[in-house]
Amino acid sequence: MSKPDSVGELITYIADNIQMESWKGYFLNLSDVYESEYDDKTMEEKYKFMKGLESLNGGMGSLNDAQHPLHVNDAIHKFYKQINMELISIWAALGNETNDLSSIKPYKVGSLVKFVPGKIRYINRDGSTKIVPDKKWVQNQQWKIEYIANPDISNMLQYSLVQGSKHALVRHDALKPVKFNLFAKLVKFFT
């Protein structure tokens, strides 16, 4: 298997190529379970299964925390990307909010943005949401777009924002660009 693409193919590829015995055993078992049971699962069960795979990423001792050969690291990166795509698809099939990325014009990296009160700031791993509060101090904050992140579970574009030493991951529709009034700034400067 030279170029695995699906989650199942990537599981098998990682199982065949990973060098750490503990992860090799895990992926060999996972490969058997995926091939024999995944297609027969309900959408809710598929969602839980994929969320379990997603949780392999992050933290000490996680799959991405270990040293692997480059081709295995590439497969692991692709594995997580495929899991994210599968989760977005299952999320939609379960009747949840979904978005069309082609209809969104991304903000530029380096742009200044503010939060939009009442909008969903992010969706937690459990599907619950964090809403931007309708508070003046929140509305007055300016954040800089550090980079464009992967879409969230609803396929909404997300950005990594920075403000001093603070960082935030925020959905596109919870942001608005900061508009500069050059004339007002010049008047203030000269008065």
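Just so it is clear, none of the values below were taken in a lab; they were calculated from the coordinates. Keep in mind the model is a prediction, meaning the values are calculated, not measured. Because the Cβ atoms are built from the backbone with ideal geometry, glycine has one as well, and the counts that use them run over all protein chains shown.
Only lysines eight or more places from K78 in sequence, or on another chain, were considered; those with a Cα closer than 17 Å are K3, K51. With a threshold of 32 Å on the Cα-Cα distance, the over-threshold entries among K105/K136; K81/K114; K46/K119; K24/K119 are K24/K119. Our estimate of slack between K105 and E146, defined as 0.36 nm per intervening residue step minus the Cα-Cα distance, is 13.1 nm. Distant-in-sequence amide contacts of T129, defined by a placed amide H-H separation under 5 Å and a gap of 5 or more residues or a different chain, comprise N124. Taking Cβ atoms as reference points and 13 Å as the exclusive limit, the residues near I145 contribute a net charge of +4, counting Lys and Arg as +1 and Asp and Glu as -1.
Using only the alpha carbon atoms of the chain, find the Kirkwood hydrodynamic radius as the inverse mean reciprocal pair distance, in angstroms to one decimal. List each step's numbers first, then the result.
Values: mean 1/r = 0.0521 Å⁻¹.
The answer is 19.2 Å.
Distant-in-sequence amide contacts of V116, defined by a placed amide H-H separation under 5 Å and a gap of 5 or more residues or a different chain, comprise L175, K176.
Taking a point 7 Å out from the Cα of E54 in the direction of its Cβ, the residues of segment 64-86 whose backbone N falls within less than 17 Å of it are 64, 77-86.
Other residues lying with their Cβ under 14 Å from the Cβ of M156 contribute a combined charge of +1, Lys and Arg counting +1, Asp and Glu -1. Calculated over segment 2-72, the projected area of the Cα convex hull averaged across directions stands at 5.0 nm². For segment 75-182, the set of chymotrypsin sites (Phe, Trp or Tyr not before Pro) satisfying both a DSSP loop assignment and a count of at most 10 other C-beta atoms within 10 Å is given as F180.
For K41, a cut-off of 15 angstrom between C-alpha atoms picks up these aspartates and glutamates, skipping any fewer than 8 places away in its own chain: D32, E86. Other residues lying with their Cβ under 10 Å from the Cβ of V178 contribute a combined charge of +4, Lys and Arg counting +1, Asp and Glu -1.
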